[in-house]
1. Scan the stretch 101-121 residue by residue and report those that are crowded, with 18+ Cβ neighbours inside 10 Å, more than 18 Å from A151 (Cβ to Cβ) and basic (K, R).
2. Of all residues in the stretch 131-144 being under 30 Å from L212 (Cβ atoms) and buried (at least 17 other Cβ atoms within 10 Å of the Cβ), which is nearest to the ligand (Cβ to nearest atom)?
3. Limited to the stretch 163-190, what total is found for residues that are loosely packed, with under 15 Cβ neighbours inside 10 Å and touching a residue at least 60 places away in the same chain (Cβ under 8 Å)?
4. Mind listing whichever residues of the stretch 72-95 are surrounded by 14 or more Cβ atoms within 10 Å (Cβ to Cβ), within 17 Å of G136 (Cβ to Cβ) and over 15 Å from the mean Cα position of the chain (by Cα)?
5. Considering only residues that are surrounded by fewer than 23 Cβ atoms within 10 Å (Cβ to Cβ) and within 24 Å of D63 (Cβ to Cβ), which ones fall in the stretch 249-262?
6. Would you say P170 is under 20 Å from L17 (Cα atoms) and either in a strand (DSSP E or B) or among the β-branched types (V, I, T) (or both)?
7. Cβ-Cβ distance below 9 Å, separation of 6 or more or different chains: which pairs start in the stretch 110-127 with a residue that is among the basic types (K, R) and modelled with pLDDT of 95 or more and end on one that is near the ligand (Cβ under 8 Å from one of its atoms) and part of a helix (DSSP H, G or I)?
8. With the requirement that a residue be within 9 Å of the ligand (Cβ to nearest atom), part of a loop (DSSP other than H, G, I, E, B) and under 27 Å from R67 (Cβ atoms), what does the stretch 1-54 give you?
Amino acid sequence: MFSYRHGFHAGNHADILKHMLFLEVIAHFQQKDAGFWVVDTHAGAGLYDLSGVWANKRAEYQDGIARLWGLSDVPPMVKRYKEAITKLNPDNTLTLYPGSPWLALQGLRKQDKVKLYEHLSAEFDVLRKNLSQYPGLPPRSVTAEQHDGYAGLKSILPPASKRAVTLIDPSYEDKRDYRFVAEAMTQAIQRFPTGCYLIWYPRVNRREVEQLVRQLKRLKSLQPLTWLDVNMTVCKAPPDGHGLFGSGMFIVNPPFRLGQQIRETLPWLTPILAQDATARWELEAGTSPS
Ligand SMILES: C[S@@+](CC[C@H](N)C(=O)[O-])C[C@H]1O[C@@H](n2cnc3c(N)ncnc32)[C@H](O)[C@@H]1O
């Protein structure tokens, strides 16, 4: 039985990489008037209280968003991300941290839709309560289901809008997630090869991580797929072989300029989030075979 609660980790270095890229991709999609869907297969609670007991148990946000909070001269991609968090904390005290659903909602236009899946009932209840308090939420634009996100994704693709950004963000506490993600992506690409997919993965000492990334690079579709694989290491791997020492995002069909934006941002961001001298970032770009 797995009971991962994102509230313990909200605002950490991994959230920064994931949420910054997620927001940037959404912003690229908004450059066209045509509506699009944001699909979040592993939504979590939507909003997190950084002054609460959970967030302060390990205070991961202190080595995450708190390190960025007081900085003003930041690269454009970090600026967009910080602005999203500032909207939630207008008095400039860092108290609330947005999860991926909240970030998707902030950019929602009337022609767009957000589809959220969260399977843990306790987390889903909090998500629903948080959504009910979102100011001015257009009722028919957002659906939230207590459901398996992999199955949900399969059931809704291809999107009626023909444009969609999908975030797949499991905790991988259940190591079957590595396989589930690869299978879900294989099916998603068959149903909707032109979608943009962001897949978060942990940097931990597990062979399944390398295997997942290899499988994602080999995704097959009738047309060639482009991809970016970016990862950021913040500290050396813990000696016991367990524990997160960084994270990565694999992005299928990224917006054209995203690779360049990452190259302009990560050399700045990595030293800020570094926990020791081994911190580094890597970016690889490629095309999957058709
Ligand atoms: C890393 S958290 C998500 C964080 C969120 N995406 C964010 O960025 O704010 C992973 C969430 O996925 C949920 N989850 C785990 N397996 C799932 C599944 N098969 N379908 C939907 N949700 C799942 C967990 O309960 C947890 O809340």
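1. Hit for the stretch 101-121 is K113, nothing else.
2. For the stretch 131-144, the residue satisfying everything is A144.
3. 2
4. L88
5. Selection gives Q261 alone.
6. Details: under 20 Å from L17 (Cα atoms): yes; either in a strand (DSSP E or B) or among the β-branched types (V, I, T) (or both): no.
When the stated conditions are applied, P170 does not pass them.
7. Short answer, once both residue conditions are applied: K115/G152.
8. Y4, R5, H9, A10, H42, A43, G44, A45, G46
The values are calculated or read from the model by the stated rules, or taken from the named source; none is laboratory data. Just so it is clear, the model here is predicted, and its values are computed rather than measured. Here the Cβ is made from the backbone with ideal geometry for all residues, glycine too, and neighbour counts use every protein chain on show.
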